[in-house]
Amino acid sequence: MIKISLLSDTHSYISPKILELCQGSDEIWHAGDIGSLAVTDALATVAPVRAVFGNIDDTSIRAAWPENLRFMCEGVDVWITHIGGYPGRYSSYVKPEIYNAPPKLFICGHSHILKVMNDKKLGLLHMNPGAIGKHGFHKVRTMLRFKIDGDRIFDLEVIELPR
């Protein structure tokens with residue numbers, strides 16, 4: 001069993017509270033708009049990090065992290081990207097692959113809106129953890145925690161922090 005902390009859109013902001021919330025995680029996943037490598041460096045002091053770059057990220061972040069990350073976690077095929085869209089409205093650059101070879105778990109950021117929803121047509125779970133940083137229009141900062149065991153994704157927890 002793997003415990004995951006999932007966040008996105010830090011926009012260079014990392015706080016002791018975010019690091020505290022990630023304690024006990026086996027891995028921390030970041031869905032882009034990191035803002036500064038200091039963010040992923042700080043997260044890496046808590047647990048191993050998997051991340052993708054987002055549209056605001058500079059060349060140093062783009063050199064350190066890929067645009068798309070697809071991997072197996074336990075028995076779950078995971079795809080993380082920053083701009084991915086939603087079920088029925090996927091971004092044009094992910095559409096061909098997501099329809100031809102859908103993952104079991106599709107994660108993106110970008111919108112600053114937390115959403116977790118099933119795509120029944122493709123048989124996948126879509127997650128967007130919202131934004132944990134302070135930059136943007138969101139009024140509540142959010143992230144997700146969950147567990148993966150074999151091919152099961154469970155114990156999903158939504159974390160909200162005041163802006």
**OP:** Please name which of Pro129, Gly75, Leu6 has its Cα lying farthest along the dipole of the chain towards the positive end, using unit charges on Cβ (Lys, Arg +1; Asp, Glu -1) and the Cα centre as origin.
**Re:** Pro129
Subject >> lysines whose Cα lies under 19 Å from that of Lys3, excluding same-chain neighbours fewer than 8 positions away >> reply: Lys17, Lys104, Lys147
**OP:** Quick one: what are the phi-derived ³J(HN,Hα) couplings along the range 57-70, Karplus 6.51/-1.76/1.60 with θ = phi - 60°, whole Hz, x for glycine and proline?
**Re:** 6, 7, 5, 5, 6, 5, 6, 8, 10, x, 7, 10, 9, 10
Original post:
For Rg/Rh (Cα atoms, Kirkwood Rh), which listed value, (1) 1.01; (2) 1.04; (3) 0.93, comes from the coordinates shown?
Top reply: (3)
Original post:
Can you give the Kirkwood hydrodynamic radius of the range 45-126 from its Cα pairs, in Å with one decimal?
Top reply: 13.5
Original post:
What is the calculated FRET efficiency for Glu97 to Met72, with r their C-beta to C-beta distance and R₀ = 22 Å, to the nearest 0.05?
Top reply: 0.85
**OP:** May I ask you to derive the relative contact order of the range 44-163, considering only C-alpha pairs under 8 Å and at least 6 residues apart, and to give it as an integer percent?
**Re:** 18
Original post:
So for the pair Leu156, Asp26, with labels modelled 7 Å out along Cα→Cβ, what separation do we get in nm?
Top reply: 2.0
Original post:
Which ³J(HN,Hα) values in Hz, rounded to whole numbers, follow from the phi angles of the range 133-149 under the Karplus curve 6.51 cos²θ - 1.76 cosθ + 1.60, where θ = phi - 60° and Gly and Pro get x?
Top reply: x, 9, 8, x, 8, 4, 9, 10, 8, 9, 8, 10, 10, 7, 10, 10, 9
Original post:
Ranked highest first by average number of other Cβ atoms within 10 Å, how do 116-128, 22-34, 89-101 line up?
Top reply: 22-34, 116-128, 89-101
Original post:
Per residue, how much accessible area does the chain show when a 1.4 Å probe rolls over the protein heavy atoms, in square angstrom?
Top reply: 45
**OP:** Sum up the charges of everything whose Cβ sits under 13 Å from the Cβ of Pro48, counting Lys and Arg as +1 and Asp and Glu as -1, but leave Pro48 out.
**Re:** -1
Original post:
Magnitude of the Cβ-charge dipole of the chain, K/R +1 and D/E -1, about the Cα centre, nearest 20 debye?
Top reply: 500
Original post:
Roughly to the nearest percent, how much of the accessible area of the chain is carbon and sulfur, given a 1.4 Å probe?
Top reply: 53
**OP:** Would you mind checking which residues have amide H under 5 Å from Arg141's amide H? H placed 1.01 Å from N; only 5 or more apart, or other chain.
**Re:** Leu161, Arg163
Subject >> Two-site label geometry, Ala64 and Arg163: point separation in nm, points 7 Å out along Cα→Cβ >> reply: 2.7
**OP:** Classify the range 77-163 as rounded, prolate or oblate, taking a ≥ b ≥ c as the square roots of the eigenvalues of its Cα gyration tensor: rounded when a/c is under 1.5, otherwise prolate if a/b is larger than b/c and oblate if not.
**Re:** oblate
Original post:
By its C-alpha gyration tensor, with a ≥ b ≥ c as the square roots of the eigenvalues, how is the range 1-92 shaped: rounded for a/c under 1.5, else prolate for a/b larger than b/c, else oblate?
Top reply: oblate
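The values are calculated or read from the model by the stated rules, or taken from the named source; none is laboratory data. Everything quoted here is computed from the prediction, not taken from an experiment. Glycine also receives a Cβ, built like all others from the backbone with ideal geometry; neighbour counts cover every protein chain displayed. Remember, those area values only see protein heavy atoms, side chains included, never the ligands or the DNA or RNA. Shrake-Rupley method; radii C 1.70, N 1.55, O 1.52, S 1.80 Å.
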